[in-house]
Amino acid sequence: MIIYEGPSVLDGAPIVAILTGLDTQSDNDKTGAMLQLWIMRSDIAPHYAVTTGQDSSVCGSCVHRRGQGGDCYVIPFQAPLAVWNAYMRGNYPTMDTDELHGLQIRFGAYGDPAAIPFDALLPVLEVCDLDGSTGYTHQAWHKNFDPRVALFCQVSVDSPAQAKKAHASGFKTFRVAGNANLRFDNEIECLSDSEGLSCAECKLCNGQLQNIVISAHGSKASVVRQRDIIARA
């Protein structure tokens, strides 16, 4: 279902936010059975927005943006494009919160929840299983950031220095590190790595409970390790 259509908080460009998984929830092994929220430009296919830099409407200046040489794990011409194409065909109804009572949501399968006006998210936040949902935002220092987003989202940080700054502001953080063993006393390793739990089982990334660190995985891990080395220098 469509939960928001309108201007992005980040730059005013047209965006759409779509919840999927209402029939099947999710078979994603990492997240478990959660609804997935996709946030993208409503007027531009997501893979094209990435190549032209217009994904900043939903991703801000996130260092992980693919079009800017980042290591984002989401491939925009796969799942995001499939959702966008279905949206363009008119396949999604507008929001009916009666269907969302007690359900867990992954806020941001693609895109940043901070791009959506907080008041537009309220009807969803009031009925979903907020304690069991997850969310991440890279926009904590964006000039238009609404700090209420951090009430249900981890603040994503990209270095130990950023983590310390966010902790001083009272935010709970999520940090991808070259080595999760190199963490502060107030951070814990992601339980997906340390205990094999899914996000739906873990429930710690809701902006309220813990500061989380995860080791970088896959082909981009070397990029993250190099970034950490530079940050420590």
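The values are calculated or read from the model by the stated rules, or taken from the named source; none is laboratory data. Computed from a predicted model, the values in this text were never measured in an experiment. All Cβ positions, glycine included, derive from the backbone under ideal geometry; neighbour counts span all protein chains shown. Side chains are part of the model used for accessible areas, which takes the heavy atoms of the whole protein and leaves out ligands, DNA and RNA. Shrake-Rupley method; radii C 1.70, N 1.55, O 1.52, S 1.80 Å.
Some observations on this one:
- Residues being assigned to a strand (DSSP E or B), modelled with pLDDT under 90 and open to solvent by less than 30 Å² (accessible area, probe 1.4 Å) - total across segment 176-197: 1
- Summed over segment 85-111, residues that are touching a helix residue (DSSP H, G or I) at 6+ places or on another chain (Cβ under 8 Å) and touching a residue at least 60 places away in the same chain (Cβ under 8 Å) total 10.
- Only residues that are at pLDDT below 85, of a type outside the set (S, T, N, Q), open to solvent by less than 90 Å² (accessible area, probe 1.4 Å) and outside any helix (DSSP H, G or I) were counted in segment 198-233, giving 1.
- Per-region count, segment 145-162, residues over 17 Å from the mean Cα position of the chain (by Cα) and in contact (Cβ under 8 Å) with a residue 24 or more places away in the chain: 3
- Lone qualifier among LYS165, LYS172 - being out of contact with any Pro (no Cβ under 8 Å at 6 or more places or on another chain) and over 17 Å from LEU209 (Cβ atoms): LYS165
- Residue in segment 166-173 that is within 17 Å of the chain's Cα centre (by Cα), modelled with pLDDT of 95 or more and closer than 20 Å to GLY70 by Cα present: yes
- Within segment 38-86, considering residues that are touching a strand residue (DSSP E or B) at 6+ places or on another chain (Cβ under 7 Å) and of a type in the set (Val, Ile, Thr), the one surrounded by the fewest Cβ atoms within 10 Å (Cβ to Cβ): VAL74
- Tally of residues being part of a loop (DSSP other than H, G, I, E, B) and either crowded, with 23+ Cβ neighbours inside 10 Å or not aliphatic (A, V, I, L, M) (or both) across segment 110-164: 20
- All conditions in (1) farther than 18 Å from ALA82 by Cβ; (2) in contact (Cβ under 8 Å) with a residue 12 or more places away in the chain hold for ALA45, with the sole exception of (1).
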